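We did not get these values from a lab; they are worked out from the coordinates using the rules stated. Just so you know, these numbers come straight off a predicted model, no measurement behind them. Positions of Cβ are generated from backbone atoms using ideal geometry, with glycine treated the same way; all protein chains shown enter the neighbour counts.
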Amino acid sequence: MKPTLKYLLPLAVFMALAGFLAVGLHLNPRELPSPLIDKPAPAFSLPKLGEASGKFSSEDMKGKIWLLNVWASWCSACREEHPVLVELAKSGQVELYGLDYKDTDADGLAWLKEGGNPYRAIAVDADGRVGIDYGVYGVPETYLIDKAGIIRYKQIGPVTREVWNEKLLPLIKGLR
Amino acid sequence: MIPELGHLALILALLLALVQGVFPFIGAARGVPMWMQLGLSVARGQFVFVSIAFCSLSYAFYANDFSVLYVAEHSNSALPLQYRLAALWGGHEGSMLLWASILALWTVGVTLFSRHLPAEFRARIIGTMGLISIGFLLFILLASDPFERLIPAAMDGRDLNPLLQDPGMVFHPPVLYMGYVGFSVAFAFAIAALLGGQLDRTWARWTRPWTTVAWVFLTVGIAFGSKWAYYELGWGGWWFWDAVENASFMPWLVGTALIHSLAVTEKRDAFKLWTVLLAIFAFSLSLLGTFLVRSGVLTSVHAFATDPRRGLFILVFLGLVIGGALTLFALRAPRVGLGGKFDLQSRESMLLANNVILVAAAGSVMLGTLYPLFLDALGMGKISVGPPYFDTVFVPIMTPALFLMGLAIFARWKKTDLPALALRLKWALGVSAATALLLPLVLGKWTPMIALGLLLALWIVATAAINLRERLRQQSFTSLSRAYLGMLLAHLGVAVFITGVTLVKGYEIERDLSMKPGDTTQIGGYVFRFEGVSDTAGPNYQAARGVVRISRDNKEIAILSPEKRLYTVQNMPMTEAAIDAGLLRDLYVSLGEPVGKDAWALRIYIKPFAHWIWAGCMLMALGGLLALSDRRYRRERAAAEATP
């Protein structure tokens, strides 16, 4: 190494590091690929929220393109997401179903009363068993499931308008 | 009105920073005293305006002004006053304002205590700090405005993250930032010296006190953060090798290396390039830390709101500051001489080894922190690097440095006789080795790590004691320099810290139990009796408070009240552990979830010597302060005040 080049070494190391950081900016460390994508959605049958005798069964959903939104009254990010879901439900572009995750019925119902109910039906997953089957590791999460019952997409974190317009809506159009 | 005033003050501060970042450099290059002087007044003016902005935001928090978006997002009318004020740095925008304010504070400090410096050198320092300030003020105004209005105003705020509603969090961020930002002074001194081509012993002498002050703040700040994690997160850990923690630890390691390297440069005119590079690195790592925390490229338990645009801005800024500094280094370094010669067996070579080790340690922390990012960027998958990596890598790297700590204080400059030294220290080594081997047997469990930890701690204490005794044979205690005593105290702090870490890791007892009211359990000689849980309420939370009576030999020694709180605004549960802290052990109880009808999950930990970890950090910081009060600095200041 020439003596003058030697002094450029710290700069070169830093440039390499800065390159990695620049690439890193465009990656999302929270976005973990779900092993369930393009696999059949785990089957479940759970009580319905607000209907003591009703059962919500994933079998009944065959032949529909639907969104399963995992939420809870104790989750603060869900509060952020909720108005978007209400708006989506009103637009009628997709059938939205809920999974009330590790929550009490009273709290869940109070939440819906406060913010409005965008869901066609809600399954109660009080002990979180179904959540485990679906690989839920944070609330909210949203699964897009097609007519054959295959999971097509998993949104981790709140569904925002951007997520809806850029990810979910094009996918749904493609499935139709 | 007040928030707009704050915003305007920030704009004016930016304009002054622009003047501060340009004119002193031109003045220094052309020899125009007026322009060099201008930098000083402008820097003070900038401080005034940044302070106005800071106070405006504080006032908005104080007055519960929820028409300010940042206040609405991070505060609540039920939040107690001290947390409302601390909420200022509870989010991104306020943290950046705190950064800029502290930078302005350090700059004013430099204008006040730099009268003894040559005018050109002083002007370039002020100019460099002005350039850094431009970057941060621009960033705040363009991408992180804390004064943005929320129209219509919120009825009430979303509350401060309950994790941050803690006395420790009132002090931890400002103290930590004082350390982070304080390294900008050493950085500015390095840039000024490179620009002026006067990289010499006087430069090192002038840089030293500033570096030590910043290092003391950083040490205390990190210790605060660690203590907070210990009692607030409820699982008794004190360090998690989390990305945000690492971001503060890397500058500390390099800063520690810098302090030692500066000593060599001042005394022996050696290591000049290495020292200047360390000064650049220490501040670069502070900036990198800011980038990592603020850009969201890494995940962390310190969940901050993240925004890629902000990340891009900081990255460009990082590139300009660090890239610029390293380019300047590459241009100027070939002209700097090598300085005083030294033998392979000498204090210089030992300090160099210690330096290399500290930098290698910082490098390994950086590798572990950024490794997931590297792999992800190369498309090689997602992984996370956890404590096992850091524990395995860190201990072997630091062990030789800690051994050298004991040796180096005896070594002479230029040339020392190692065999003779070994003979002088044979007792220190023998006693510490024997104790380290036997003591764990007495304590009941022997593992190699416990023995190694004790050996290193005892070795540092024993060598320090012998060194002090040898000195006292030649001179009286009062004639010992405070710089020397400060060094011994800081090294003793390291020994105390290692003792704490070793014994906590080696002998802690952890029990997760389910207890009903009236149940007792015996752990490590202590009897814990669970009395039950009652409901209570705080200003902005409801809590279940448990009562645990602890006795030993039928004598009651403590009643602990761990709480499980539910912060009502964010609906967020929090654990408040209760700790009976002692010199030799901490009894730590935290309340889990209710199990079944009236039983509760309880976590009971016995943590021997836990407080020694933070006591060690405090001793290190005290050592730094003692060294700062050394006579030569007081003399310099007196001389500076005599010549206006």
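Before moving on, here are some points about what is shown:
- Rounded, prolate or oblate (a/c below 1.5 giving rounded, otherwise prolate when a/b exceeds b/c) for chain B by Cα gyration tensor: oblate
- Remark: region B:1-165 carries a charge dipole of roughly 740 debye about the Cα centre, counting +1 on each Lys and Arg Cβ and -1 on each Asp and Glu Cβ.
- Computed on chain B, with alpha-carbon pairs under 8 angstrom and 6+ residues apart, the relative contact order is 12 percent.
- Order of A:GLU59, B:GLU508 under a 10 Å beta carbon neighbour criterion, fewest first: A:GLU59, B:GLU508
- Cα gyration tensor shape of region B:89-143, rounded if a/c is under 1.5, else prolate or oblate by comparing a/b with b/c: oblate
- For chain A, the relative contact order works out to 27 percent when only alpha carbon pairs closer than 8 Å and six or more residues apart are counted.
- Tilt relative to chain A, helix A:105-115 - C-alpha long axis, 0 to 90 degrees, to 10: 70 degrees
- Projected onto its three principal axes, the C-alpha set of region B:421-552 covers 65, 40, 22 Å, listed from the longest axis down.
- Per-residue Cβ neighbour rank within 10 angstrom, fewest leading, B:PHE240, B:PHE113, B:PHE477, B:PHE281: B:PHE477, B:PHE113, B:PHE240, B:PHE281
- Selected from B:VAL316, B:ASN246, B:LEU485, residue furthest toward positive end of dipole (chain B; charges at beta carbon): B:LEU485
- Only Cα pairs under 8 Å and 6+ residues apart enter the sum, and on that basis the relative contact order of region B:494-631 stands at 27 percent.
- Size descriptors for the protein assembly as shown: radius of gyration and Dmax over Cα atoms are 29.7, 94 Å.
- 5 angstrom amide H check on B:VAL595, placed H, neighbours 5+ away: B:TRP600, B:ALA601
- Exercise: per-residue mean of other protein chain Cβ atoms within 10 Å, B:568-578: 1
- Phi angles across region B:409-415 convert, under the Karplus curve 6.51 cos²θ - 1.76 cosθ + 1.60 with θ = phi - 60°, into 3J(HN,Hα) values of 5, 8, 5, 9, 4, 6, 8 Hz, Gly and Pro given as x.
- Note on region B:509-611: dipole from Cβ charges, positive end direction compared against B:GLY592, B:VAL569, B:ALA581; the farthest Cα belongs to B:ALA581.
- When +1 charges are put on Lys and Arg Cβ atoms and -1 charges on Asp and Glu Cβ atoms, the dipole computed for the protein assembly as shown relative to its Cα centre reaches about 3480 debye.
- The charge dipole of region A:36-175, taken about the Cα centre with unit charges on the Cβ atoms of Lys, Arg (+1) and Asp, Glu (-1), comes to about 440 debye, rounded to the nearest 20.
- Cα gyration tensor shape of region B:1-165, rounded if a/c is under 1.5, else prolate or oblate by comparing a/b with b/c: prolate
- Exposure proxy order (Cβ contacts within 10 Å, fewest to most) of B:TRP238, B:TRP106, B:TRP413: B:TRP413, B:TRP238, B:TRP106
- Options B:LEU18, B:PHE54, B:PRO118, ranked by Cα towards positive dipole end of region B:1-165, top entry (Cβ charges): B:PRO118
- Amide H contacts of B:ASP159 (H built 1.01 Å from N, under 5 Å, at least 5 apart or other chain): B:HIS74, B:SER75, B:ASN76
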